[in-house]
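First, the structure itself, so that you have it in front of you.
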Amino acid sequence: MRTQVAIIGGGPSGLLLSQLLHRKGIDNVVLERKTRDYVLGRIRAGILETGFVDLMRQAGVGARMDAESFTHDGTVIACGNAMFDINFKQRTGSHVVVYGQTEVTRDLYDAREAMGGTIVFNAENVAIHDATGAPHVTYESEGQSHRLDCDYVVGCDGFHGVSRQSIPRSVRREYEKAYPFGWLGVLSQTPPVHEELIYSCSDRGFALCSMRNANLSRYYVQCSLDDSPDDWSDAAFWEELKRRLPDEIAAKLVTGPSIEKSIAPLRSFVTEPMRWGNLFLCGDAAHIVPPTGAKGLNTAASDIHYLYNGLARFYLEGDAQGLEEYSAKALARVWKAERFSWWMTNLLHRFPDQTEFDLKMQQADLAFLRENEAAQTVFAQNYVGLPY
């Protein structure tokens, strides 16, 4: 089999790129290691920057998102019983959209199926060959070996995928920071406690109140990396969450049985470059951000924006400049998103080795954000998404 662009990974970034390319008449094949149902079973964040929303519409998959999503014009920052709002609309003229990553992925799968897009599920033992020459990808499916020849390979296969590992260690440089805590997340069929997201800093640690829809809420508390979800009963989670929220918010919290419970470690990670020959990296294959600030899926979307436009310019106009500039452009934006996520994580969490001086600096930083309009504008600009 031959195609123009081989895309490894059938998550939202790989599917979005596939859909955008297909609409421009650029042939592509998506290889996914798991089944469609498995991919759709992943519970992920759902805060979309303006740029991501525009890409979904550009890909022709924005109708359900526009009809069912929630527009958020700001967010709430809490510390103890003190709370203040940061109004994105007032500060930037823009907003974010709450629409679950599962729903984004479902819309993209439905669109690829409707257009007859080629997605190979259960593609195992994927390997990339001759990335700096005439690339091809080999894989196994249903007990048979296959070869896919292509012009370009795009790795959208996540942190543990084969794509980044296919770039020699002598070529790539990796930057990483691991945080000494994780997030325990609970999904519950309960109405959200507030119309906007609440980021809460307390002496007991960080907490986040978010939502998926009018009767589906997602809550998080900072926890030890040694914890297991089994260590936390629903009752214990709700009680701890209330302790970390302002009293007036805790009093309004509607609790219920969890329908999903998991712990995610926090990590900042970037690999450079994001291109090696005819292999390109996108999303988690190239970078990871802590979930504070909701940049994971959105940084993947900005990668797709740069790469899609570069590929379209090459195939439709014969101009390779966009592809040549891809890694530098993508990384310039990625590092800014990394900075914002790192800063928010340091602002709102309690660290095991935090000194009294560190705590005073954290309190001063929060006070400055609360009192200074320019600081709130910078926060809002980063949160709604820096321009592509």
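The values are calculated or read from the model by the stated rules, or taken from the named source; none is laboratory data. On a predicted model such as this, the values are computed, not experimentally measured, just so you know. Cβ placement follows ideal geometry from the backbone for every residue including glycine, while neighbour counts extend to all protein chains displayed.
Among the residues of the stretch 21-42, write down those that are buried (at least 18 other Cβ atoms within 10 Å of the Cβ) and in contact with a Gly (Cβ under 9 Å, 6 or more places away or on another chain).
His22, Asn28, Val29, Val30, Leu31, Glu32, Arg33, Val39
Which members of the stretch 129-146 meet the condition of being in a strand (DSSP E or B), farther than 16 Å from Gly9 by Cα and in contact (Cβ under 8 Å) with a residue 24 or more places away in the chain?
Within the stretch 129-146, His146 is the sole residue that qualifies.
Filtering the stretch 316-357 down to residues that are assigned to a helix (DSSP H, G or I) and in contact with a Phe, Trp or Tyr (Cβ under 6 Å, 6 or more places away or on another chain), which residue is nearest to Val221 (Cα to Cα)?
Ranking the candidates gives Leu348 first.
Another question about this same structure. Taking the condition free of Cβ contacts under 8 Å to residues at least 60 places away in the same chain, assigned by TED's automatic domain parsing to the domain that holds Cys156 and surrounded by 23 or more Cβ atoms within 10 Å (Cβ to Cβ), does Thr292 pass?
no
On to the next question. For Val154, state whether it is in contact with a Phe, Trp or Tyr (Cβ under 9 Å, 6 or more places away or on another chain), part of a strand (DSSP E or B), closer than 30 Å to Met65 by Cα and of a type outside the set (Phe, Trp, Tyr).
yes
Then there is this: Of a type in the set (Asp, Glu) and buried (at least 21 other Cβ atoms within 10 Å of the Cβ): does that describe Asp107?
Answer is yes for this residue.
Taking the stretch 211-248, which residues are closer than 16 Å to Leu348 by Cα and part of a strand (DSSP E or B)?
Of everything in the stretch 211-248, those that are closer than 16 Å to Leu348 by Cα and part of a strand (DSSP E or B) turn out to be Tyr219, Tyr220, Val221, Gln222, Cys223.
For the stretch 153-189, how many residues are closer than 19 Å to Val39 by Cβ, small (Gly, Ala, Ser) and without any contact (Cβ under 8 Å) to a residue 60 or more places away in the chain?
0
Can you run down the residue pairs with Cβ atoms below 9 Å, 6 or more apart or on separate chains, where the first is in the stretch 85-98 and part of a helix (DSSP H, G or I) and the partner is of a type in the set (A, V, I, L, M, F, W, C) and surrounded by fewer than 19 Cβ atoms within 10 Å (Cβ to Cβ)?
What qualifies is Arg91/Val378.
Continuing with the same structure: Residues that are of a type in the set (Ser, Thr, Tyr) and in the same structural domain as Asp284 (by TED's automatic domain parsing): does the stretch 354-369 have at least one?
No: the stretch 354-369 contains no residue that is of a type in the set (Ser, Thr, Tyr) and in the same structural domain as Asp284 (by TED's automatic domain parsing).
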